[in-house]
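Taking it in order: structure first as structure tokens, then the write-up.
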Amino acid sequence: MLAFWTDTTRNITFMFANDVSPRNFSFLEGVKENHHSSSHHGKDQVKLDSYKIITRWHVEQFVYLLTRLKSIKEGERTLLDNSMIMCGSACPTATATTQTISRSCWAAKAGGYIASGRHLAYTRDTPLCNLYVSMLSCMGVQVPRFGDSTGRLKGLLI
């Protein structure tokens, strides 16, 4: 947060843990295991409940970040307005094997490149890398492709 606020950097990657991290979430009431184990729930209700609690905690941390960024003024805008923030999961379910846009959440206006307050739905097979190509475009980096992208996300940028 301080690096953004002081304009030391405007680019970061933050990851709670790698995909198969053994980080235990027992600090959360009702959870006795790690996120990865609970994601392989096999419809076991105890594991499903743990997975929901951990996922809710992750989303709460994301909301906290957005709230803090929104509270910091930068001229006529806020730090949130001048940021690009994506929250996603490497594998939204235990059966998912490919990276698609279907489980990503985007926040902020990227300094005016993105209209906020919308829900954009893309087909289930839209590559996540299409979002990355769009993000690069907001930063002035024009690339025709990145990874398995097929181009920019239609309708995302103003």
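Quick check on my filter: what residues within the range 6-47 are part of a helix (DSSP H, G or I) and closer than 21 Å to Cys105 by Cβ?
Matches in the range 6-47: His35, His36, Ser38, Ser39.
Cβ-Cβ distance below 8 Å, separation of 6 or more or different chains: which pairs start in the range 36-48 with a residue that is under 16 Å from Ala17 (Cβ atoms) and in the same structural domain as Asn24 (by TED's automatic domain parsing) and end on one that is part of a helix (DSSP H, G or I) and at pLDDT 80 or above?
Correct list of pairs: Ser37/Lys47; Ser38/Lys47; Ser38/Leu48; Ser38/Ser50; Ser38/Tyr51; Ser38/Ile54; Ser39/Tyr51; His40/Lys47.
Pairs only if they're at least six apart or on different chains, beta carbon under 6 angstrom, first in the range 131-156 and assigned by TED's automatic domain parsing to the domain that holds Ala115 and in contact (Cβ under 8 Å) with a residue 40 or more places away in the chain, second aromatic (Phe, Trp, Tyr) and surrounded by 11 or more Cβ atoms within 10 Å (Cβ to Cβ); list them, first residue then second.
The qualifying pairs are Cys138/Tyr113.
The values are calculated or read from the model by the stated rules, or taken from the named source; none is laboratory data. Keep in mind it's a predicted model, so treat the numbers as computed, not measured. Every residue, glycine as well, gets a Cβ built from its backbone with ideal geometry; the counts of neighbours run over all protein chains shown.
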